[in-house]
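Structure, as structure tokens:
The values are calculated or read from the model by the stated rules, or taken from the named source; none is laboratory data. Not measured: the values here are computed from a predicted model. Cβ: placed from backbone, ideal geometry, glycine included. Neighbour counts: every protein chain shown.
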Ligand code: SF4
């Protein structure tokens with residue numbers, strides 16, 4: 001049987017890191033001769049890349065798989081389903097009994113063997129092993145996520161990621177830089193560097209390896225590799241301890257690197273942070289954010305607050321709200337603590353009941369919104385660069401939208417543009433004339 005007559009449907013759930021993993025599987029399968037299907041009806045096999053970061057994400061992954069299995073069962077032919085990524089990594093041994101609808105399970109660290117799994121399910125035989133391409137991405141828009149590491153060594157007591165994705169491992173500098181160059185040559189205008197803990201990139205690479213050895217040096221090397229193209233480089237998921245002097249200088253002094261920092265603080269109380277197996281205190285965080293704003297002009301800061309961690313008192317919750325308010329974060333994601341199997345926090349005393357958790361989460365979300373809306377409105381009257389992302393259908397007809405440098409794609413809102421035509425990836429000078437919620441209205445000036 002020849003793989004070239006076979007089409008595969010890819011479904012990706014969860015975060016941008018999963019999008020990158022799906023892209024890797026897509027490029028391996030495409031190099032092995034498989035086509036991509038646009039729906040279940042035209043697919044010979046479905047690959048679902050799952051998320052298991054929280055219990056709710058696990059449920060969504062399983063529900064989506066079961067809905068897909070229903071759709072397949074009501075069709076005229078059998079279409080095997082392959083479940084990949086975080087759910088098999090976390091619950092691997094239990095899954096074949098729990099989900100007989102799924103033909104194969106592929107853990108995150110087994111995804112490079114996806115061609116063999118698909119070949120075997122579809123009865124494809126190869127005289128010569130499938131070619132393994134360099135990572136070749138299938139990005140269509142102006143933004144590409146660039147994974148620089150996987151896994152995590154921090155073992156925050158509430159988080160299952162280190163058990164799902166394994167120990168921290170940095171990707172080599174040369175493969176990151178080559179991929180950045182390829183993406184920009186293919187039209188990408190914003191590179192978003194991601195990993196579970198980007199700030200410690202390079203720590204596990206051999207000392208004698210050539211090229212950059214830490215994130216600051218990597219950012220500079222990526223920026224140099226994509227010049228002279230006009231490209232934005234953004235880095236997400238830094239931990240507070242990762243903000244070294246060298247990194248602050250690299251962000252401030254490298255024109256391509258945006259003065260946008262995403263630091264999930266989770267809490268400000270030293271006691272809660274310690275129980276989370278994280279370090280720091282309110283004073284240290286105050287000093288860090290004051291320093292970032294002092295040393296990096298125009299600094300935009302995104303953070304995360306994990307609400308209602310076991311044992312969080314009313315006073316500690318109030319202190320966190322006051323800290324958010326005082327720091328004036330531009331963007332804050334608020335997550336209610338979720339009791340995750342296998343984590344230390346799941347066994348802690350002081351689990352907070354759902355009603356109080358909901359109340360605290362709502363209060364934090366309300367504050368995060370009012371801070372975020374005010375930070376967005378503060379851009380009205382400014383002129384700044386905006387990347388065009390595409391067309392959105394609205395009640396008044398199609399509208400061009402993009403995002404400004406201070407808006408991380410997919411999470412911080414958009415800019416609605418007052419022109420009818422522009423290419424995806426164009427970088428325009430835009431004056432912001434109005435705002436609503438996290439959105440801005442923009443008048444193109446150049
Ligand atoms: S830094 Fe903490 S929260 Fe983030 S992935 Fe690692 S263990 Fe999880």
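General observations
- Residue check, residue 152 at pLDDT 95 or above, within 16 Å of the ligand (Cβ to nearest atom), outside any strand (DSSP E or B) and within 25 Å of residue 285 (Cβ to Cβ): no
- Being free of Cβ contacts under 8 Å to residues at least 40 places away in the same chain and within 16 Å of the ligand (Cβ to nearest atom) is a condition met by at least one residue of segment 187-205.
- Test result for residue 400, out of contact with any helix residue (DSSP H, G or I) (no Cβ under 7 Å at 6 or more places or on another chain), crowded, with 17+ Cβ neighbours inside 10 Å and free of Cβ contacts under 8 Å to residues at least 24 places away in the same chain: yes
- Only one entry of 329, 373 meets the criterion of being assigned by TED's automatic domain parsing to the domain that holds residue 166 and touching a strand residue (DSSP E or B) at 6+ places or on another chain (Cβ under 6 Å), and that entry is 329.
- Meets criteria (exposed (fewer than 15 other Cβ atoms within 10 Å of the Cβ) and within 12 Å of residue 10 (Cβ to Cβ)) for residue 36: yes
- Residue, farthest from residue 189 (Cα to Cα), within segment 249-275, restricted to residues that are within 14 Å of the ligand (Cβ to nearest atom), crowded, with 22+ Cβ neighbours inside 10 Å and within 22 Å of the chain's Cα centre (by Cα): 267
- Candidates in segment 310-328 are the residues that are modelled with pLDDT of 95 or more and assigned to a loop (DSSP other than H, G, I, E, B); of these, the one that is surrounded by the most Cβ atoms within 10 Å (Cβ to Cβ) is 312.
- Residue 29 under 27 Å from the mean Cα position of the chain (by Cα) and closer than 28 Å to residue 343 by Cβ: no
- Within segment 389-396, not a single residue is assigned by TED's automatic domain parsing to the domain that holds residue 293 and either modelled with pLDDT under 95 or in a loop (DSSP other than H, G, I, E, B) (or both).
- Segment 158-167, subset touching a helix residue (DSSP H, G or I) at 6+ places or on another chain (Cβ under 7 Å) and buried (at least 19 other Cβ atoms within 10 Å of the Cβ), residue farthest from residue 218 (Cα to Cα): 158
- Test result for residue 141, away from the ligand (no atom under 16 Å from the Cβ), out of contact with any strand residue (DSSP E or B) (no Cβ under 9 Å at 6 or more places or on another chain) and part of a loop (DSSP other than H, G, I, E, B): no
Results for (1) closer than 30 Å to residue 336 by Cα; (2) in contact (Cβ under 8 Å) with a residue 60 or more places away in the chain, shown as yes or no for each residue.
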| residue | (1), (2) |
| --- | --- |
| 50 | yes, no |
| 94 | yes, no |
| 110 | no, no |
| 119 | no, yes |
| 125 | no, yes |
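- Per the conditions (1) more than 24 Å from residue 167 (Cβ to Cβ); (2) in contact with a helix residue (DSSP H, G or I) (Cβ under 6 Å, 6 or more places away or on another chain), the sole criterion not satisfied by residue 219 is (1).
- Meets criteria (assigned by TED's automatic domain parsing to the domain that holds residue 305 and either within 16 Å of the ligand (Cβ to nearest atom) or surrounded by fewer than 17 Cβ atoms within 10 Å (Cβ to Cβ) (or both)) for residue 179: no
- Positions within segment 225-248 being away from the ligand (no atom under 16 Å from the Cβ), touching a helix residue (DSSP H, G or I) at 6+ places or on another chain (Cβ under 7 Å) and either outside the structural domain of residue 174 (by TED's automatic domain parsing) or not in a loop (DSSP other than H, G, I, E, B) (or both), in sequence order: 225, 226, 233, 246, 247, 248
- Taking helices (runs of 4 or more DSSP H) as the structural unit, those lying wholly within segment 29-116 and holding at least 2 residues that are at pLDDT 90 or above correspond to 55-73, 86-91.
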